[in-house]
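The structure appears below as structure tokens.
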Amino acid sequence: MTRAEYFVNMADKRVLVLDGAMGTMIQRLALVDGDVTFGDLPPARGCNELLCLTRGDLIHDIHLAYLKAGADIVETNTFGANRFSLAEYGLSDYVFDINLAAVEVARSAVEEIEREDASRFAFVAGVVGPTGKAASFSPSVDDPAYREVVFTDFVDMYTEQISALIDGGVDLLLVETVFDTLVAKAALVAAVSCMEERGISLPIMVSATFSDRSGRTLSGQTLEAL
């Protein structure tokens, strides 16, 4: 039985506990410029994902803390590890490296907790987050039909990231904090394509964010519609 199959088996039997926030845990750290500097690039303050390459030990410790608190699933530190988001820091050419390192760091924490307690079994979820761009609505109020990025661009972007997460060895995928249903669809299309190409099947979870009391995403869907 693969770890992915074991995850499905366990999820059928009991509630599995997901870890907590990564960003706020990182904010507690006294980071210096050297922690977020890669190569000849200027310090990438705010790019938490880069820490997987530069200070993997810090990310490992956060994963381990959640596991020791009882989490069954740890999420890779890859919320913004896609080409669009990393481009803001001049890191768009390092999508594969960052995602691969993130999986390795998360896996090392899981392996450590499993060594310490033979009764424990935990999973690594490859996180795929949104970007600051949308596919369902225009960034310009003066031109509602305009799209800065189209659906196929999102599919290509997510294919690059998800390929790295799968090749790194995640047990499942988590499409996280969906606010635009069309972008979420692009991520799912990319995920299915990546798995079919490799002849594998991994569980996929999706989480969404609802902006107000209307119970709708920014793109207008209810949870039921999503």
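Filtered by the rule that a residue be assigned to a helix (DSSP H, G or I), surrounded by fewer than 23 Cβ atoms within 10 Å (Cβ to Cβ) and not aliphatic (A, V, I, L, M), region 158-199 gives 159, 160, 163, 167, 168, 181, 185, 193, 194, 196, 197, 198.
Scan region 122-156 residue by residue and report those that are modelled with pLDDT of 95 or more and either over 22 Å from residue 99 (Cα atoms) or aliphatic (A, V, I, L, M) (or both). Those that are modelled with pLDDT of 95 or more and either over 22 Å from residue 99 (Cα atoms) or aliphatic (A, V, I, L, M) (or both): 122, 124, 125, 127, 128, 155. All of (1) in contact with a helix residue (DSSP H, G or I) (Cβ under 9 Å, 6 or more places away or on another chain); (2) at pLDDT below 95; (3) surrounded by fewer than 16 Cβ atoms within 10 Å (Cβ to Cβ) hold for residue 65 with one exception: (2).
The residues in region 36-61 that are modelled with pLDDT of 95 or more and in a helix (DSSP H, G or I) can be counted, and the count is 13.
The set of residues in region 36-53 being buried (at least 19 other Cβ atoms within 10 Å of the Cβ) and among the hydroxyl-bearing types (Ser, Thr, Tyr) is empty. Summed over region 7-35, residues that are outside any loop (DSSP other than H, G, I, E, B) and loosely packed, with under 14 Cβ neighbours inside 10 Å total 8.
Annotation note: Cβ proximity below 9 Å between a residue of region 1-17 that is within 21 Å of residue 199 (Cβ to Cβ) and small (Gly, Ala, Ser) and a residue that is at pLDDT 95 or above and exposed (fewer than 14 other Cβ atoms within 10 Å of the Cβ) (sequence gap 6+ or interchain) occurs for 4/200; 4/201.
The values are calculated or read from the model by the stated rules, or taken from the named source; none is laboratory data. Just so we're clear, the structure is a prediction, and the values are computed from it rather than from any experiment. Virtual Cβ from ideal backbone geometry, glycine too; neighbours counted across all protein chains shown.
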